[in-house]
Structures are given as structure tokens and as C-alpha cells.
Amino acid sequence: AVIASQCVTFIVYKQGLLTGQAANFIGKLSLADLSLGDAFKAKVTSQHYYQTMALQQKLNKPFLPPRRNASHKGNSGHLLTIGGNVGMPGAIRLASEAALRAGAGLLSVCCHRENTVLVFSGRAELMIAENTAEQLSQTQRLALANACVIGPGLGRDTWAKSLFKLVLDECSQSNKPVVIDADAIHLFANLTENKLNIDSAILTPHPKEASVLLGCSVKEVEQDRFNAVKNIAQKYNCICLLKGAGTLISDGEKVVINSTGNSGMASGGMGDVVSGIIGALLMQSDDKFYATCLACYLHGRAADNIAKKIGQRGIIASDLFVEIQQLVNE
């Protein structure tokens with residue numbers, strides 16, 4: 001196939017150009033609507049939306065509601081992040097710090113006790129939560145949290161499984177928003193009854209994890225990413241964010257195609273950062289699907305801003321924190 005430096009598409013954007021491996025072939029993508037775009041869209045309906053700044057403005061929705069002058073930390077929500085098993089302290093730290101930079105008012109971290117010093121070193125704003133499911137269930141920490149993120153560095157051992165079960169039980173009973181990422185996706189896929197009884201659960205798989213959720217190959221996921229993301233959302237009664245070039249977000253009906261991000265994000269920890277941003281925005285918006293789409297957009301936009309300044313090579317996940325803070329204040 002031709003590997004182009006630039007691709008011009010006519011009338012409307014074609015979905016296949018906007019996600020997955022197409023990014024390796026199209027170069028810079030431009031739209032020439034030939035003055036037919038509006039007429040075409042009036043006759044041909046679609047449940048697929050290309051998320052750009054123009055769409056943001058057309059929806060006339062602010063990024064986030066303004067904070068009131070007398071706001072206190074509780075008004076911005078208390079997020080509980082769970083992960084960081086032995087040997088994996090970085091993932092939960094990245095997710096937690098990203099959530100703080102995205103506006104979470106309070107943040108508690110439940111990690112393996114062997115990682116406590118590493119996770120909390122140099123970031124005094126993080127609160128230490130209990131280290132085990134038994135301890136966590138004996139306190140009000142989980143019940144008092146407004147949302148949860150579980151999975152970054154969680155592992156799949158007995159410690160991880162007990163925490164995962166506790167969080168699912170609590171979130172099912174209270175309908176608490178929960179972001180299920182990384183190892184937690186694998187634990188979830190292996191449950192006998194795994195259709196979520198939660199109206200505001202967000203699954204964030206990459207293609208390999210999506211293949212586990214759907215019981216198919218990675219190749220099948222990548223051949224039709226639009227059906228894959230919708231099928232996961234429908235199968236598990238959740239919002240699904242399918243990672244990759246042209247990340248897709250679906251609630252089982254509509255699909256939003258994210259327009260931000262670049263290949264400099266192909267480094268460890270980027271997925272943990274987006275999970276943290278989602279967790280923070282879930283507590284600052286009354287629309288869970290919109291919050292997920294916005295988090296994805298800001299995540300990629302932060303990396304794009306860095307790439308414009310210094311290039312794509314060498315971007316690491318924690319570089320995004322300052323940009324995220326600036327973006328949520330626009």
C-alpha cells in the first residue's frame with residue numbers, strides 16, 4: 001500500500017482513516033468537503049463522531065464546570081486508586097498523580113505494603129490507604145470514595161484478586177464509578193458473572209486486553225476496531241475506551257474517535273495516566289461518557305503540546321502532568 005505524506009479525503013471523514021494501522025499510511029489527513037458535507041450528513045446518519053476541538057465548540061459544552069469561590073477539597077471528589085503490587089509501584093503512582101493534576105480534590109492509594117515508600121515518596125498530597133482487602137473492608141475508605149481506579153500494577157495474585165472482588169462488590173452495591181484497567185481487565189474477563197451491574201464503569205483495554213474480553217484474536221480486534229469497542233461496551237454493560245492510534249470510546253451505541261495523541265506516547269505508563277485522568281473527571285462531571293471522552297482528548301492533547309515543543313522521541317508519562325494541569329484550566 002502507498003505510504004503517503006498527505007491524504008485528502010472528500011465530503012466527510014471516512015472512519016477507516018481515523019483509527020488503528022491507517023495512521024502508518026495516511027500521513028497528514030485533510031478534509032475537502034466540496035460544499036457537500038452538510039448535505040451528506042443530513043441524509044446519512046451515523047453513530048460515529050470524530051472528536052476535535054471543532055466538535056467540542058459545536059457541542060457548546062465547557063471542558064469542566066467552573067469552580068465556585070467557596071469550593072473545598074471535598075467538592076472535587078475523593079478518588080481511591082488501587083494497584084501497585086510487588087515490583088510495580090510506578091503504575092499506580094502515575095495514575096494517582098495524573099488524577100491530582102486533573103483536579104481530584106482528595107486521593108487515597110491502596111498499594112502493596114512493600115511499595116508504600118516508593119509510591120508516596122516526594123508526593124505528600126497522596127494519602128495512604130489500607131494495604132489489603134480485609135483492612136480496606138474494615139474501614140470506610142472505600143465507601144467514602146466518590147470513584148475508584150483499579151488495575152495499574154495490580155497483578156493477578158491472591159492479593160490482587162481479593163481487592164478486585166471487594167471493589168466490584170462495593171461499586172455494584174453503591175453504583176460508584178470505577179475505572180477498570182490493566183491487570184484488573186484480565187481478572188474481570190475471567191469472572192463467571194462479569195456483566196457489570198454498574199451504570200458508570202469504564203473499561204480501558206489495549207488491543208490485547210480487548211481480545212481477552214471478546215475471546216478473539218488481536219488481529220480480529222484490529223481489523224474492525226469499531227465493532228470491537230461497541231461489542232465490549234454492550235457485552236459488559238460499560239463504557240469502553242479502546243486504546244491505540246485513534247483511540248475509540250463507546251457506550252454501546254455511539255462511538256467517538258479521538259483526534260489527539262502521537263507516536264511519542266508509545267512508552268510505559270501512558271495508559272496509567274489516562275486512567276487517572278478519567279477517575280478525576282468522573283467526579284467533576286455528571287456525564288460519565290463525556291468525562292471519558294474528554295479525559296482521552298486531554299491526554300493526547302498534552303502529549304501533542306509536548307511534541308510541538310521538543311519532538312516525540314523521549315516523551316515519558318510523567319511529562320504530561322504539567323500540560324494536563326494547564327489544559328483542565330482552559
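Note on V44 and I316: the extension gain reaches 93.8 nm, defined as 0.36 nm multiplied by sequence separation minus the Cα-Cα distance. Measuring with a 1.4 angstrom probe and ignoring ligands and nucleic acids, F10 comes out at about 110 Å² accessible.
Comparing D33, D304, D183 in a Gaussian network model of the chain (Cα springs below 10 Å), the most mobile by mean-square fluctuation is D33.
Angle of helix 270-282 to the longest C-alpha principal axis of the chain, folded into 0 to 90 degrees and rounded to 10: 80°. Accessible area per residue was computed with a 1.4 Å probe on protein heavy atoms; E134 scores about 130 Å². The angle between the Cα long axis of helix 89-101 and the longest principal axis of the Cα atoms of the chain comes to about 70 degrees, rounded to the nearest 10.
Excluding ligands, DNA and RNA, what is the solvent-accessible area per residue of region 85-230 at a probe of 1.4 Å, expressed in Å²?
Per-residue accessible area for region 85-230 comes out at 43 Å².
The accessible surface of region 150-291, taken with every protein chain in place and a 1.4 Å probe, is 44 percent carbon and sulfur. Below 8 Å between Cα atoms, with a sequence gap of 6+, how large is the relative contact order for region 1-151 in percent? Relative contact order comes out at 19 percent. Note on the chain: GNM, Cα springs under 10 Å; of R156, R68, R93, the largest mean-square fluctuation is that of R68. Model label sites at A70 and R113, defined 7 Å from Cα along the beta-carbon direction, differ in position by 4.4 nm. Under Stokes-Einstein, with the Kirkwood radius over Cα pairs as Rh, the value for the chain at 10 °C and 1.306 mPa s is 78 µm²/s.
The values are calculated or read from the model by the stated rules, or taken from the named source; none is laboratory data. Remember, predicted model here, so these are calculated numbers, not experimental data. Virtual Cβ from ideal backbone geometry, glycine too; neighbours counted across all protein chains shown. Surface accessibility is based on the protein's heavy atoms, side chains included, excluding ligands, DNA and RNA. Shrake-Rupley method; radii C 1.70, N 1.55, O 1.52, S 1.80 Å.
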